[in-house]
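*Asks:* Mind looking over this structure? Questions follow.
The values are calculated or read from the model by the stated rules, or taken from the named source; none is laboratory data. On a predicted model such as this, the values are computed, not experimentally measured, just so you know. In this analysis, Cβ positions are derived from the backbone assuming ideal geometry, glycine residues included, and neighbour counts consider all displayed protein chains.
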Amino acid sequence: MAFVIPVFIPHQGCPHTCVFCNQHTITGTAGTAPVTPEGVRAVIEQWLARSPGRAAGGVQVAFYGGSFTGLPQSRQCELLDGVVPFLESGRVREIRLSTRPDYVDGPTIDFLRRRGVTVVELGVQSMDQTVLDACGRGHTCGQAVEAVRLLRRGAMQVGLQLMIGLPRETTASLLRTVREAARLRPDFVRIYPALVLRGSELADMLARGEYRPLSLGGTVVRAARMKEYFDARGIRVVRMGLQAGPELEKWLVAGPYHPAFGEMVNARIMLNRTRRILRKVREGEPVRLSISSRDRSAFRGVRSANIARLRELGLLDRFSLSADAGQPRHTVRIVNDF
Ligand code: SF4
């Protein structure tokens, strides 16, 4: 797994106003200066010096915090130029950036490739046009499909960012989003819950009673279903939930936030798989289940929630459990040694 060095580019002049985004408010209050190529170089040097051992698996520089290809090209050059010396010396293996589906075209991809970018993440969010419109995204589902096609043609690795709980979203439309996203065969996916942040249109909608966030439990159930769908098709889900921390919590007004959101989703998947497997076993028949030894805590669930749920369902006494270091993560299987 690559060691990721994050470079934050303060939000600069995005002409859009997606309802869930408060970047305009943050930028207005933060007074942040633009990052220079020297600044990029300094960040990379700092991280490499701080974690020399972690660079062994390859280093990826990831630009966060904006729609990279929406910046003027001269500005994109400046930022990427900060990484070029590290690419040339082999100290950095790849560059990742994120952008909007409508900010991707053939010449842009050629330009990025020439500058060493190999991974592009698209903020797709939903593949339901009604949801995109209700969110003020300003792009279409068709543009997301086309952007993936162009990126693939340009030999880029493609990641898709998807959100759960957006305005006008239904269970059916979320499932459609997941199916469409999987059909695009991305290299990886990130799943984020829609949160209500201070300074966003969603916060105003919430105050006016026009939007109700999903519950945490409901979001975990949906995210687990999404992850299982992608897992079954060999599509990696590299993150679930936003990066937790005081900065996010400072802006949070409402919504399904939990610092251990990803853990909760993995725990839910273990619960789902355990229940499914036990359904195949006749009641009263002794059964031993096996999990990966790295999944002990996912099996228990956050604050042992899975154990409590299995007890509630009368399933806890129906099996014994063993852990196997060689078993793949997040799987549950029956061991036939009775
Ligand atoms: S989510 Fe991205 S595209 Fe939308 S307003 Fe925020 S920065 Fe702009």
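*Asks:* Name the single residue that is nearest to residue 296 (Cα to Cα) among those in the stretch 323-338 being surrounded by 13 or more Cβ atoms within 10 Å (Cβ to Cβ) and more than 27 Å from the chain's Cα centre (by Cα).
*Replies:* 323
*Asks:* Would you pick out the residues in the stretch 84-107 that are under 24 Å from the mean Cα position of the chain (by Cα) and of a type outside the set (D, E, K, R)?
*Replies:* 92, 95, 97, 98, 99, 101, 103, 104
*Asks:* Which of the numbered conditions does residue 318 fail, given that it passes all the others? Conditions: (1) within 27 Å of the chain's Cα centre (by Cα); (2) at pLDDT below 95; (3) surrounded by 14 or more Cβ atoms within 10 Å (Cβ to Cβ); (4) of a type in the set (Lys, Arg).
*Replies:* (1)
*Asks:* While we're on this one: With the condition kept exactly as written, say whether any residue in the stretch 284-297 is of a type in the set (Lys, Arg) and under 21 Å from the mean Cα position of the chain (by Cα). Lay out the reasoning, then the answer.
*Replies:* Of all residues in the stretch 284-297, those of a type in the set (Lys, Arg) come to 288, 294, 296.
Add one more test, that the residue is under 21 Å from the mean Cα position of the chain (by Cα), and what stays is none.
Checked against the condition, which is being of a type in the set (Lys, Arg) and under 21 Å from the mean Cα position of the chain (by Cα), the stretch 284-297 yields no hits at all.
*Asks:* Residues in the stretch 199-235 that are surrounded by 14 or more Cβ atoms within 10 Å (Cβ to Cβ) and basic (Lys, Arg): how many?
*Replies:* Adding up the residues that qualify gives 3.
*Asks:* Let me ask something else. Run down 97, 132, 112 and say which single residue is outside any loop (DSSP other than H, G, I, E, B) and away from the ligand (no atom under 16 Å from the Cβ).
*Replies:* One residue alone meets the criteria, 112.
*Asks:* Condition (residue is surrounded by 15 or more Cβ atoms within 10 Å (Cβ to Cβ), assigned to a helix (DSSP H, G or I) and out of contact with any strand residue (DSSP E or B) (no Cβ under 7 Å at 6 or more places or on another chain)) applied to the stretch 278-286: is it met by at least one residue?
*Replies:* yes
*Asks:* Check 49, 2 and return the single one that is modelled with pLDDT of 75 or more, more than 9 Å from the ligand (Cβ to nearest atom) and surrounded by fewer than 16 Cβ atoms within 10 Å (Cβ to Cβ). Please lay out each step first, then the result.
*Replies:* Values: 2 fails: surrounded by fewer than 16 Cβ atoms within 10 Å (Cβ to Cβ).
Sole residue among the options that is modelled with pLDDT of 75 or more, more than 9 Å from the ligand (Cβ to nearest atom) and surrounded by fewer than 16 Cβ atoms within 10 Å (Cβ to Cβ): 49.
*Asks:* For the stretch 61-94, which residues satisfy the criterion of being among the charged types (D, E, K, R) and more than 16 Å from the ligand (Cβ to nearest atom)?
*Replies:* 78, 81, 88, 91, 93, 94
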